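S.K.: The structure's right below; bear with me while I get my questions together.
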Amino acid sequence: MSKVVNITDKLNFEENPALQIGDMTVEVHADAETVLRLMGTLKGKDDVDINVVTEMMELLFEPGTVEQLCAMEKDGKKLSAKSLMTIVHAGMNLVLEDDSQGEQ
């Protein structure tokens, strides 16, 4: 029989991470299937259009969360498109890169 290496203790089965946005805590889907789909969404894309952003948001966040994010206001002003992209980018970084920064 060939060598067997047990890596079970190196695997992560924890809950999803979250982003804190003002008073709102937004859970970010970090399961393997979602991350693989997210990476597939980005594969071969030089430009990210509205359809790609929409698909990424649907993968990263719950449907109700997407609606809440788009409806966010501060001092009577709606969330800008640039700020929405910042949220999407932060969610992607949280699940695709080192998520140890900013832990509380």
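S.K.: Helix hunt in the chain: which complete DSSP H runs extend at least 30 Å axially by C-alpha with mean Kyte-Doolittle at least -1.0?
M.R.: none
S.K.: Counting only C-alpha contacts under 8 Å and six or more residues apart, can you give the relative contact order of the chain as a whole percent?
M.R.: Relative CO of the chain lands at 25 percent.
S.K.: Would you grab the residues whose amide H sits under 5 Å from the one on residue 21? Only those 5+ places off in sequence or on another chain, please, with H modelled 1.01 Å from N.
M.R.: 26
S.K.: Per residue, how big is the convex hull of the chain when only Cα atoms are used? Give it in Å³.
M.R.: Spread over its residues, the Cα hull of the chain gives 145 Å³ apiece.
S.K.: Please calculate how many Å² of accessible area the stretch 12-104 carries per residue, with a 1.4 Å probe and no DNA, RNA or ligand atoms counted.
M.R.: Accessible area per residue, the stretch 12-104: 74 Å².
S.K.: What order, most packed first, do the peptides 33-44, 50-61, 4-15 have when packing is the mean number of other Cβ atoms within 10 Å of each residue?
M.R.: My ranking of the peptides, most packed first, is 50-61, 33-44, 4-15.
S.K.: Next up: Can you tally the net charge around residue 37? Count Lys and Arg as +1, Asp and Glu as -1, for every other residue whose Cβ sits under 12 Å from the Cβ of residue 37.
M.R.: -3
S.K.: Search the structure for amide H atoms under 5 Å from the amide H of residue 79, placed 1.01 Å from N in the peptide plane, and list their residues when 5 or more places away or on another chain.
M.R.: 72
S.K.: While we're on this one: Measure off, as a whole percent, the carbon and sulfur share of the 1.4 Å-probe accessible area of the chain, all protein chains present.
M.R.: Accessible surface attributable to carbon and sulfur in the chain totals 50 percent.
S.K.: Under a point-charge model restricted to the Cβ atoms of Lys and Arg (+1) and Asp and Glu (-1), what is the dipole moment magnitude of the stretch 1-93 relative to its Cα centre, in debye to the nearest 20?
M.R.: 340 debye
The values are calculated or read from the model by the stated rules, or taken from the named source; none is laboratory data. Here the structure is a predicted model, which means the values were calculated and not measured. In this analysis, Cβ positions are derived from the backbone assuming ideal geometry, glycine residues included, and neighbour counts consider all displayed protein chains. The area values use the complete protein model at the heavy-atom level, side chains included, leaving out ligands, DNA and RNA. Shrake-Rupley method; radii C 1.70, N 1.55, O 1.52, S 1.80 Å.
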